[in-house]
1. What ranking, highest mean first, results for peptides 254-265, 433-444 when packing means the other Cβ atoms within 10 Å averaged over each residue?
2. For Leu260, enumerate residues with amide H under 5 Å from its amide H, sequence gap 5+ or separate chain, H modeled in the peptide plane.
3. Run the quick spin-label model on Thr10 and Glu308: label points 7 Å from Cα toward the beta carbon, then report their separation in nm to one decimal.
4. Which Rg and Dmax, in Å, describe the Cα atoms of the chain?
5. Using the Kyte-Doolittle scale, which helices in the chain average at least -0.5 and also have C-alpha atoms spread 27 Å or more along the helix axis, with helices defined as whole DSSP H runs?
6. Can you give me the long-range amide H partners of Asn114? Hydrogens built in the peptide plane at 1.01 Å from N, cutoff under 5 Å, separation of 5 or more residues or another chain.
7. Give the separation of the Cα centroids, segment 436-468 to segment 314-359, in Å.
8. Please give the calculated 222 nm ellipticity per residue for the chain, where each DSSP H segment of at least 4 residues contributes -39500 (n - 2.57) and the sum is spread over every residue; nearest 500 deg cm²/dmol?
Amino acid sequence: MGLRVYNTLTRAKEEFVPLRGRRVHMFVCGLTPYDHTHLGHAKTYVAFDVVARYLRHKGYSVFYLENVTDVDDHIVDAMKARNLSREDVIRPFWEEYLETMDALNVTSVNLFANATDYIHEIVEQIQGLIATNHAYAVGGDVYFAVDTFDGWGKLSGQKTEELLPGARVEVDAKKRNPADFALWKSQKPGEPAWDSPWGKGRPGWHIEDTAITIARFGPQYDIHGGATELMFPHHEAEIAQAESFTGKRPFVKYWLHTGLLNIKGEKMSKSLGNFWALRDALAQYDGEVLRFFLVYAHYRSPIDFSQESLDEAKASYARLAETIANVAAERRLAPPSGPDDPTLRAAAKNARVRFEVAMDDDFNTREALAAVFDFANTVNKTLGRVGKEALEDVDAAFERFGGVLGLWRRRGSSRDDLAEGLVSALVQLREDARARKDFAVSDRIRDVLAAHGIALQDTKTGVRWKRR
Ligand SMILES: [Zn+2]
């Protein structure tokens with residue numbers, strides 16, 4: 001059984017078969033750096049970080065491309081409101097994004113592509129769309145004509161913007177169909193602009209993604225990811241542009257969408273006043289805890305966020321982390337083999353199989369973590385009666401799971417290794433002292449360790465230690 005992924009385009013789980021052998025081209029809609037990175041962003045970027053990690057774990061060569069919307073209405077509005085240059089609006093938020101992603105161990109992106117570095121490709125695509133009558137220029141603006149594309153609506157099942165009751169439709173007289181969208185926007189006073197055959201202006205939001213991906217990946221690629229709320233019109237527009245421009249279908253083979261992050265049943269957003277900036281969350285919770293909280297749900301499921309659910313995640317994660325730390329400590333003192341080795345080896349094998357089966361089922365991290373928890377229970381029950389070699393197996397299993405999920409990365413950090421090496425050496429010195437009946441020294445070592453939160457326990461197979 002291989003990997004199966006849920007494809008929004010076909011509304012079905014499909015066997016994952018990349019277009020070019022073992023190579024995978026993956027693109028995810030990136031940030032518009034005009035405001036703080038929030039928890040909703042974190043949910044999406046952690047999800048696709050896990051997707052890339054798991055594909056690499058399975059032996060695929062993944063190129064993960066993410067755009068940066070470094071010019072659009074939001075940025076232009078922020079420039080005007082705060083009287084700043086485009087660069088000065090972007091810089092602090094972009095730096096904050098990189099810092100917060102680092103804290104969440106989101107490390108899989110191969111290339112961040114700025115929209116403004118692809119103006120040439122954007123203009124070229126718009127010219128191609130005008131030449132084939134899929135787009136039209138009105139004054140200095142250019143629009144895509146949705147009526148010229150028979151696939152319009154095939155991704156989302158939607159053809160027009162859903163309006164909230166009572167909302168007024170702003171009719172743009174320049175558009176032939178109200179659903180037509182801007183490919184190029186003419187410059188208004190004080191706005192950043194680039195040269196084009198239609199005069200000075202800037203690209204529309206949707207065209208930057210297809211300009212970047214067609215330049216990097218060609219007319220077709222494997223995975224396009226993004227948040228569910230981008231499905232319409234943004235992703236629909238990408239399909240219309242790309243398939244009209246290249247004549248090749250499908251533009252993207254697998255469309256993957258992440259569920260929303262809700263707060264008390266409502267979407268997190270600035271306008272609802274329930275906005276949680278990621279850096280504020282990181283001031284209260286360790287990045288690993290936040291990441292664990294996010295991966296403990298399937299990426300397509302919505303997450304209901306609350307302080308209580310985060311605190312629960314923190315407690316669960318601490319229990320797992322303790323088991324993993326105990327295994328590392330135990331390995332140094334355990335005899336080569338122990339009576340419960342077969343039980344533990346069988347549990348490790350079973351956990352690896354369950355983990356892969358879960359991840360092969362559309363990256364089901366929740367089920368994968370359930371396998372890890374069950375495994376940790378067996379480890380806790382057998383610890384003290386297993387040998388070094390079986391514990392190395394356990395450690396390797398945790399390393400494999402952690403590598404895919406991006407968790408417990410401090411498990412084997414050099415600082416921990418040093419601390420654990422020193423503790424083990426002290427424990428051994430205490431054993432030597434006891435062997436020569438120098439109880440004054442052995443008690444003193446025990447007290448020093450206790451003062452640093454290290455508890456000692458005498459067992460049949462020797463002295464064990466753990467952190468309190
Ligand atoms: Zn996008």
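The values are calculated or read from the model by the stated rules, or taken from the named source; none is laboratory data. This is a predicted model, so every value here is computed, not measured. All Cβ positions, even for glycine, are placed from backbone atoms using ideal geometry, and neighbour counts span all protein chains on display. The accessibility values were calculated without ligands, DNA or RNA, using every heavy atom of the protein model including side chains. Shrake-Rupley method; radii C 1.70, N 1.55, O 1.52, S 1.80 Å.
1. Numbers: 254-265: 19.1, 433-444: 12.4.
Peptide ranking by packing, descending: 254-265, 433-444.
2. Ile303
3. A separation of 4.2 nm, rounded to one decimal place.
4. 27.2, 96
5. On the way: long enough: 307-333 (39 Å, -0.47); 341-360 (28 Å, -0.39); 414-435 (31 Å, -0.26).
Span-like helices, by this rule, are 307-333, 341-360, 414-435.
6. HN-HN under 5 Å from Asn114: Val68.
7. Measuring centre to centre over Cα atoms gives 24 Å.
8. On the way: 14 runs with 218 residues, N = 468.
That comes out to -15500 deg cm²/dmol.
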